[in-house]
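Chemist: Below is the structure I would like to discuss, written out as structure tokens.
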């Protein structure tokens, strides 16, 4: 099945079908009845496929509907975050977004309940099909579930007809779930097969227009109308010359190109991987993502099958469907290992690659106003006879100033804020609701050895934070400090990092090397970072002091050597005056590892002193903070732009 029309198609694949919310039980090994908490993921076979393709670098799009409610917005936003084109994800005003509850009892016991009664994606109709949209793609991938009602069947048939007129290849994922055709009780969502001549007839009416048909043995049986796999394949071949792919689980897959099928052995058989199965749900969607990636890149059938098998193997080893889909970087790393790890989720390198390369970070400079200070504000309030409640009021003013800058600014930078939970809860909520990059501190201010707030059950506390909120940790650490202190410090930061990874959160680690007991040179901070990397601590961002050129060269080398997936460094201010900060930012801007700044007191300190002393009112304080924040952004942008034409010290990041 060679790909066609590569040059004149804007998209690679349009995925028509199910897009829903998966709620996966977090307690593994028990009954669904006993689950106490659930992780919320993007789900639905077509949603999984679109996201899986995007993670491999394929230009995918969705054609579906979601509800006009929070879960519908979640599905659309998640698809967009994955890089999927959502221009044709419609909003159904009357239906709710589909929902699935799943539990992982064991590898062969994955109970799930579909809540899809009149769900939004099953409201898709032929009027939703835009012929130009279908024609803009090299492939149209349809799901058998959307042949189960008259309305969605009309939409599928209309889309297929548009595809045939525009040389867009049609892929049928049989995707047979008897419960979604009304053949089993709602509690039997995990059932994969029930005979039905009516369903076979419906599927067979679209087979002649397909270029690729993909299914498990049960799905091939329902499409072919025969539980004998060879006879089912022969029946399908009698209706279409399409390439047929038989998914065979742990045994791999068999690929049947055009021509007579005498037996299952006539196919091109590609063996599966030796993997420890954790969760089988989503494996088929992952397989199809890898297989279509191979087809779109004109790889031989066996190579496409191997990629499909590899994607499926990685997904069955993890929790969830869409979140388990691999990136191309991760896939290549897994395939390069001989033999590949049987437990990818427990392999430190693969787990890190999965965590970092499946996350699409915003590439714009990060301009953060950090006002998570607690002890400093307490001192200012006490000095001026003000209550600590007034600290929260002032932090609301800072949040308003940030929002003012965002409203007046342009889209060339990414605005952010770091705010504490002790006094800044209101400010943090406002900024988060506005979609701004937000972080919050976890450390007790000034603690050395490092102590967290709260000191105990820190992970449980972090689990209550909004998932998009970045964990910020200030770490006073010198690589030459006393061995006992260093060990205690390192144990604390390793523990925090393990909690953050387990909770699927993000970490910005602020490292300051104190010079009270040991000298600090251009090599001190790079040595500290390398030591932390050697301990397995790999934060998503570093928050570091301004350095000399020699210092930035050394830091860039450490990060390049230890974690090319790192999102970068933001520069902290330490209350420096504007001229000093400007000089520091100018030097940093010459290094691509430096992604922006996270500055606080240099922006708000003067306004805070005057406001708490009653010398200026709230409007004046808000204006003063806004102007300084805006100037700091301008300083960074000007420094970056001045050096765009000069030599850059680039951190090479592998392509996704």
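What follows is calculated from the coordinates using simple rules that are stated; it is not laboratory data. Note that this is a predicted model, so its numbers are computed, not measured. FYI the Cβ positions are ideal-geometry reconstructions off the backbone, even for glycines, and counts take in every protein chain you see.
Chemist: Rounded if a/c is under 1.5, else prolate if a/b is larger than b/c, else oblate: which is the stretch 514-569, with a ≥ b ≥ c the root eigenvalues of its Cα gyration tensor?
Modeler: Values: a/c = 1.89, a/b = 1.44, b/c = 1.31.
Verdict is prolate for the stretch 514-569.
Chemist: Measure off 7 Å from each Cα along the Cα-to-Cβ vector at residue 583 and residue 634, then give the distance between these two points in nanometres to one decimal.
Modeler: A separation of 2.1 nm, rounded to one decimal place.
Chemist: Can you give the angle from 0 to 90° between the axis of helix 549-562 and the longest principal axis of the chain, with both taken from C-alpha atoms, to the nearest 10?
Modeler: Rounded to the nearest ten degrees, it is 30.
Chemist: In addition: Per-residue counts of other Cβ atoms within 10 Å, averaged by peptide: what ranking do you get for 574-581, 315-322, highest first?
Modeler: Numbers: 574-581: 14.6, 315-322: 24.1.
In decreasing order of mean packing, 574-581, 315-322 become 315-322, 574-581.
Chemist: Please work out the C-alpha center-to-center distance from the stretch 315-362 to the stretch 487-544 and express it in whole Å.
Modeler: That distance is 24 Å.
Chemist: Can you tell me how the chain classifies by the Cα gyration tensor, rounded, prolate or oblate, using a/c under 1.5 as the rounded cut?
Modeler: Numbers: a/c = 2.15, a/b = 1.97, b/c = 1.09.
The shape class here is prolate.
Chemist: Determine the relative contact order of the stretch 483-567: mean sequence separation of Cα pairs under 8 Å and six or more apart, normalised by residue count, in whole percent. Please list the in-between numbers first.
Modeler: Values: 66 pairs, mean separation 28.3, N = 85.
Averaging sequence separation for qualifying contacts and normalising by length gives 33 percent for the stretch 483-567.
Chemist: Next question. Determine, for 636, 465, the number of other Cβ atoms within 10 Å of each Cβ, and report the residues in order from fewest to most. Working shown, then result.
Modeler: On the way: 636 27, 465 16.
Exposure proxy ranking, most exposed first: 465, 636.
Chemist: Continuing with this model, one more query. Restricting attention to the alpha-carbon atoms of the stretch 184-263, what are Rg (one decimal) and Dmax (integer), both in Å?
Modeler: Reported Rg and Dmax, both Å: 12.7, 41.
Chemist: Still on this structure, I have one more. Which FRET efficiency, nearest 0.05, do residue 81 and residue 375 yield, Cβ-Cβ r, R0 51 Å?
Modeler: Numbers: r = 36 Å, r/R0 = 0.71.
Efficiency, rounded to the nearest 0.05: 0.90.
Chemist: While we're looking at this one, here's another question. Roughly how far apart, in whole Å, are the Cα centres of the stretch 133-154 and the stretch 233-259?
Modeler: Distance between centres, Cα-based: 20 Å.
Chemist: Once the Cα atoms of helix 578-588 and of the chain are each reduced to a long axis, what angle between those two axes, in degrees from 0 to 90 to the nearest 10, is obtained?
Modeler: Helix 578-588 sits at roughly 40 degrees to that axis.
Chemist: In what sequence do 494, 169, 630 fall when counting other Cβ within 10 Å, fewest first?
Modeler: 494, 630, 169
Chemist: Here is a follow-up. So how much slack lies between residue 230 and residue 191, counting 0.36 nm per residue of separation and subtracting their Cα-Cα distance, in nm?
Modeler: Result for the pair: 11.8 nm of gain on full extension.
Chemist: Explain nothing, just the number: relative contact order of the stretch 63-218, from Cα pairs under 8 Å at least 6 residues apart, as a whole percent.
Modeler: Numbers: 260 pairs, mean separation 29.4, N = 156.
For the stretch 63-218, the relative contact order is 19 percent.
Chemist: Any chance you could give the angle, 0 to 90 degrees and rounded to 10, that helix 150-165 forms with the longest Cα principal axis of the chain?
Modeler: 90
Chemist: To continue, here is another question. In whole percent, what relative contact order does the chain give with Cα contacts below 8 Å and a gap of six or more residues? If you can, show how the numbers build up before the last one.
Modeler: Numbers: 1362 pairs, mean separation 59.8, N = 656.
Reported relative contact order: 9 percent.
Chemist: OK, next. Answer rounded, prolate or oblate for the stretch 11-357, using the Cα gyration tensor with square roots of eigenvalues a ≥ b ≥ c: rounded when a/c is under 1.5, else prolate when a/b is larger than b/c, else oblate. Show your work: numbers first, answer last.
Modeler: Numbers: a/c = 1.25, a/b = 1.05, b/c = 1.19.
Note, shape of the stretch 11-357 comes out rounded.
Chemist: In addition: Please work out the FRET efficiency for the pair residue 151 and residue 457, using the Cβ-Cβ distance as r and a Förster radius of 45 Å; give the result to the nearest 0.05. Could you put the intermediate results ahead of the total?
Modeler: Details: r = 50 Å, r/R0 = 1.11.
After rounding, the FRET efficiency stands at 0.35.
Chemist: Once you have the alpha carbon radius of gyration of the stretch 366-642, what is it after dividing by 2.2 N^0.38 Å, with N set to its residue count?
Modeler: On the way: Rg = 18.1 Å, N = 277, 2.2 N^0.38 = 18.6 Å.
Its radius of gyration relative to the 2.2 N^0.38 Å reference: 0.97.
Chemist: Taking other Cβ within 10 Å of each residue's Cβ, how do 184, 556 sort, fewest first? Show your work: numbers first, answer last.
Modeler: On the way: 184 15, 556 19.
Placing the least packed residue first, the sequence is 184, 556.
Chemist: May I ask for the distance between the Cα centers of the stretch 95-128 and the stretch 163-228, given as a whole number of Å?
Modeler: The two parts, judged by their Cα centres, are 17 Å apart.
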